[in-house]
1. Please enumerate the residues belonging to the stretch 87-123 that are surrounded by fewer than 12 Cβ atoms within 10 Å (Cβ to Cβ) and of a type in the set (K, R).
2. If I filter the stretch 13-33 down to residues being touching a Leu at 6+ places or on another chain (Cβ under 9 Å) and among the basic types (K, R), which single residue comes out as modelled with the highest pLDDT?
3. Report, ordered by the first and then the second residue, all pairs with beta carbons closer than 6 Å, sequence separation of six or more or different chains, a first member in the stretch 28-39 that is closer than 10 Å to L58 by Cβ, and a second member that is not in a helix (DSSP H, G or I).
4. Might you let me know whether the stretch 37-47 holds any residue that is more than 15 Å from the chain's Cα centre (by Cα), assigned to a helix (DSSP H, G or I), among the β-branched types (V, I, T) and not assigned by TED's automatic domain parsing to the domain that holds Q97?
5. Mind telling me which of the residues M24, M35 ends up being surrounded by 17 or more Cβ atoms within 10 Å (Cβ to Cβ) and closer than 23 Å to V95 by Cβ?
6. Output the number of residues of the stretch 11-23 satisfying the condition of being outside any helix (DSSP H, G or I) and closer than 18 Å to D105 by Cα.
7. When you look at A61, is it more than 20 Å from R8 (Cα to Cα), touching a Leu at 6+ places or on another chain (Cβ under 6 Å) and surrounded by 13 or more Cβ atoms within 10 Å (Cβ to Cβ), yes or no?
Amino acid sequence: MPRTPQKRTVFGRRLHAIRQARGMTQVALAEAAGMSQRMVSHYECEIENPTAEMVVRLAKALKVSTDELLGVRTPRKIDEGPNLNPQLRRYWKRVQQLAQLPERDQRSVLRMLDNTIKAHGGG
């Protein structure tokens, strides 16, 4: 049975959130970092932190600093520059908040969004 987000390490929650913000699957991250998908899942879901070598490999694969992955400094803002209008900026903030929710809740929100778009002739 998967652990609840409250039982995860801070590192596991950050790894999960950054991976999702990058639009990567566990498999894609594992391949980019040269490890197994099971190892990525272990670091995201278990109460154990990776070795320093693994942190470096994961950070490189995610294209973030080790400080950002470890939560030592505030993450960079992604695509929040002057090119985004206020409405898109608001949507982006919601997407970032959605990425912090448990996976089950994320799926529920996305399903509701998909259904609403389809009901209005989109998608």
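1. Result: R90, K93, R94, R104, R107, R111, K118.
2. Here the residue is R19.
3. A30/S36
4. no
5. Details: M35 fails: closer than 23 Å to V95 by Cβ.
None of the others qualify; the one that does is M24.
6. Counting residues in the stretch 11-23 that are outside any helix (DSSP H, G or I) and closer than 18 Å to D105 by Cα gives 1.
7. yes
The values are calculated or read from the model by the stated rules, or taken from the named source; none is laboratory data. Note that this is a predicted model, so its numbers are computed, not measured. Note: ideal-geometry Cβ built from the backbone for every residue, glycine included; neighbour counts use all protein chains shown.
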